[in-house]
Amino acid sequence: MMPESHSTTGTHDPLSTPPPGCPAHGLGLGPGGLHRLHEAEDLSELYEQLREQHGEVAPVLLHDDVPMWVVLGHTENLHMVRTPSQFCRDSRIWSPLLEGRVKPDHPLMPHIAWQPICSHAEGDEHLRLRSAVTGAMSTIDHRGMRRHINRSTQRLVNRFCEEGRADLVSQFAEHLPMAVMCEILGMPDEYNDRIVEAARDMLKGTETAIASNAYIMDALMRLTAKRRAQPEEDFATHLINHPARLTDDEIGQHLRVVLIAAYEATTNLLANVLRVVLTDPRFRAQLSGGQMTVPQAVEQSLWDEPPFSTVFAYFAKQDTELGGQRIRQGDGLLFAPAPGNVDPRVRPDLAANMMGNRSHLAFGGGPHECPGADIGRAIAEVGVDALLMRLPDVELDCDEDELEWRQSIASAHLVSMPARFAPKPPQDIKQRPGRAPVPPQRPTWHVGTPQPQPQPAAAQAAETIAPQQPVPTPEPVRPKGAWRRFLMWWRGY
């Protein structure tokens with residue numbers, strides 16, 4: 001028999017708590033023998049244990065023993081995010097919060113607290129806010145964006161290419177998404193080491209996280225005021241000018257959501273793809289040999305290591321059932337791409353190649369599906385491709401088991417990835433590899449015998465002094481093949 005939902009009364013049976021000295025203490029177990037997600041040493045292992053014990057929806061505990069469901073099944077996750085009549089993102093209906101069991105200083109409050117933004121809103125308000133974001137997204141020039149990704153990659157590689165060594169997390173994966181997003185939003189001058197440090201600090205939830213958030217919000221509100229006065233062709237301007245007529249505060253908050261969500265997700269995706277490229281010889285051979293393209297490699301990573309392992313959170317609007325569990329009105333549920341992507345019903349063989357299959361949960365689904373999925377894919381695809389072109393001999397500079405992650409319920413962030421390669425000279429960021437010289441412009445067409453063209457006086461004088469030399473026949477310019485033209489387009493040239 002499957003257990004019912006956690007009690008919504010705020011009380012627990014004291015007899016269900018493991019007694020002192022019980023082996024359950026120290027195993028991440030709380031009241032009712034439920035697992036505390038934040039105490040798990042290996043979340044992937046715990047998810048499979050929960051799947052075996054409870055099925056595709058399992059009861060767990062968050063910090064301060066706050067009850068929550070974690071949705072483990074692929075089908076169940078999709079049903080939850082695609083059924084707004086039963087589940088929403090409005091935490092104001094969450095029973096533990098209404099009962100005072102979630103304190104204002106709860107570690108997950110920044111993720112759960114309701115805000116007047118499209119990712120939390122429902123109904124007509126969600127349509128108004130979401131339409132502004134997706135409308136602004138639709139104006140992005142994707143070819144121009146790919147060109148900027150390529151140039152930003154060249155600029156970052158130039159910083160360390162002569163060293164022969166680099167940390168591909170702190171010197172590349174944590175920087176490229178921020179450089180690109182600052183350009184897209186309309187504030188390229190704000191991109192520097194300071195804003196990257198602020199974003200990382202904010203996401204870690206340190207003692208200075210509030211100050212770091214204030215730093216980023218100040219930059220975004222200055223951008224909002226600047227674009228109100230001086231519109232440009234950028235995301236911020238189109239967000240401001242959208243018929244939904246967002247207020248300045250709504251503009252700033254949505255710029256923050258787009259910036260930080262895209263930044264963290266793409267940073268993790270970049271690091272994950274590069275790690276696999278550097279640690280799996282078969283993968284690297286396939287990639288170099290052309291059997292697996294970079295976009296396919298990115299998609300495989302989205303299946304195996306989604307940037308966000310869980311997303312906080314969805315809430316039941318009514319009593320319902322999900323995955324065989326009785327879900328009560330006001331219960332909270334974690335959308336969980338990581339365990340959902342390895343659901344045995346969807347992937348019975350985890351070693352099977354998932355190329356060409358985009359049905360993973362990495363970007364969510366339903367009304368709150370990530371609107372910037374194409375941006376994240378482009379940053380990862382073009383960034384990895386450009387890096388490997390510059391440093392084709394790059395290798396991991398440590399044993400794979402020495403790599404460390406900073407793991408939370410929401411994601412696993414690779415701390416460092418030291419790499420080595422033969423030192424390379426810096427490269428002009430606007431250089432186009434293998435670009436053929438532009439042939440001289442064809443002279444004006446004539447019907448019949450072409451008329452002699454007048455020569456400058458200096459040239460006429462030179463001809464009277466020196467005999468004419470035969471003009472060498474120019475080498476024919478070899479036309480680019482279809483594959484070459486496609487690669488030039490793909491890399492933003």
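When a/c reaches 1.5 or more, the comparison of a/b and b/c decides; with that in mind, is the stretch 194-342 rounded, prolate or oblate per its Cα gyration tensor?
Because a/c hits 1.5 or more and a/b fails to exceed b/c, the stretch 194-342 counts as oblate.
Tabulate in residue order the Karplus-calculated ³J(HN,Hα) for the stretch 360-365, using 6.51 cos²θ - 1.76 cosθ + 1.60 with θ = phi - 60°, rounded to whole Hz; enter x for Gly and Pro.
6, 9, 4, 10, x, x
Could you please report the charge total around Cys88, scoring K, R as +1 and D, E as -1 over all other residues with beta-carbon less than 9 angstrom from its beta-carbon?
On the way: positive: Arg89, Lys317; negative: Asp90, Glu122.
Surrounding charge for Cys88 is 0.
Please give the length that would be gained between Lys103 and Asp90 if that part of the chain were fully extended, namely 0.36 nm times their separation in residues minus their C-alpha to C-alpha distance (nm, one decimal).
Full extension of this stretch gives 3.0 nm more.
Taking 0.36 nm per intervening residue step and subtracting the Cα-Cα distance, what contour gain separates Thr83 from Glu395 on full extension?
The span from Thr83 to Glu395 would gain 107.8 nm if fully extended.
With θ set to phi - 60° and the Karplus curve 6.51 cos²θ - 1.76 cosθ + 1.60, what are the ³J(HN,Hα) couplings of the stretch 233-247 in order, to the nearest whole Hz, using x for Gly and Pro?
Karplus-based 3J(HN,Hα) across the stretch 233-247 equals 8, 9, 4, 4, 4, 5, 5, 5, 7, 5, x, 5, 6, 5, 6 Hz.
Could you sort 329-336, 231-238 so that the peptide with the highest average Cβ count within 10 Å comes first and the rest follow in order? Intermediate results must be reported in sequence, preceding the final value.
On the way: 329-336: 23.1, 231-238: 18.5.
Per-residue Cβ counts within 10 Å, averaged per peptide and sorted highest first, yield 329-336, 231-238.
Measuring from a point 7 Å past the Cα of His111 along Cα-to-C-beta, which residues in the stretch 318-337 have an amide N at less than 20 Å?
Under cut-off, by backbone N: 330-337.
So, with a 1.4 angstrom probe, what is the percent of accessible area on the stretch 75-167 that is carbon and sulfur?
Summing carbon and sulfur atoms, their accessible area is 52 percent of the total for the stretch 75-167.
Under a plain spin-label model, where a point goes 7 Å from the Cα along Cα-to-Cβ, how far apart in nm are Glu369 and Glu52?
3.5
Going by average Cβ density within 10 Å per residue, which order do the peptides 52-65, 304-317 take, highest to lowest?
304-317, 52-65
Using the basic label-point model (7 angstrom from Cα toward the beta carbon), what is the Ala351 to Asn192 distance in nanometres?
Each label point lies 7 Å from its Cα, and together they span 5.2 nm.
Just subtract the alpha-carbon distance of Thr75 and Ala209 from 0.36 nm times their residue separation and send over the number in nm, one decimal.
Net length gain for the segment: 44.6 nm.
Under a crude label model (7 Å from the Cα following the beta-carbon direction), how far is Arg222 from Glu162 in nanometres?
3.1
Rolling a 1.4 angstrom probe over the protein chains, ignoring ligands and nucleic acids, what is the accessible area of Val415 in square angstrom, nearest 10?
Probe radius 1.4 Å; accessible area of Val415 about 60 Å².
Using Cα positions and a limit of under 20 Å, work out the aspartates and glutamates in reach of Lys204, with same-chain residues fewer than 8 apart set aside.
Once the sequence-local aspartates and glutamates are set aside, what remains near Lys204 is Glu39, Glu41, Asp42, Asp64, Asp105, Asp167, Glu174, Asp193, Asp218, Glu264, Glu305, Glu404.
Order 402-413, 72-83 from most to least packed using the mean count of other Cβ atoms within 10 Å. Kindly include the intermediate steps, with their values, before the conclusion.
Details: 402-413: 16.5, 72-83: 21.1.
With the highest mean Cβ count within 10 Å placed first, the list reads 72-83, 402-413.
What is the set of long-range amide H partners of Asp280 at a cut-off below 5 Å, with H atoms built 1.01 Å from backbone N?
Counting only residues 5 or more places away or on other chains, the set is empty.
Tell me, what HN-Hα J-couplings in whole Hz come from the Karplus equation 6.51 cos²θ - 1.76 cosθ + 1.60 at θ = phi - 60° for each residue of the stretch 57-72, using x for Gly and Pro?
Calculated HN-Hα couplings, in order: 9, 10, x, 9, 10, 9, 3, 6, 6, 7, x, 7, 9, 10, 8, 9 Hz.
In whole Å, how far is the Cα centre of the stretch 375-394 from that of the stretch 47-126?
Value for the Cα centre distance between the two parts: 35 Å.
With a 1.4 Å probe and every protein chain left in place, tell me how much accessible area Trp114 has, in Å² to the nearest 10.
80
Could you sort Val382, Val257 by accessible area so the largest value comes first, with the probe set to 1.4 Å?
Val257, Val382
I'd like the accessible area for Tyr215: 1.4 Å probe, protein heavy atoms, all chains in place, Å² to the nearest 10.
Around 70 Å² of this residue is reachable by solvent.
The values are calculated or read from the model by the stated rules, or taken from the named source; none is laboratory data. None of these values were measured; they are calculated from a predicted model. Cβ atoms come from the backbone with ideal geometry, glycine included; neighbour counts cover every protein chain shown. Heavy atoms of the whole protein, side chains included, go into the accessibility calculation; ligands, DNA and RNA do not. Shrake-Rupley method; radii C 1.70, N 1.55, O 1.52, S 1.80 Å.
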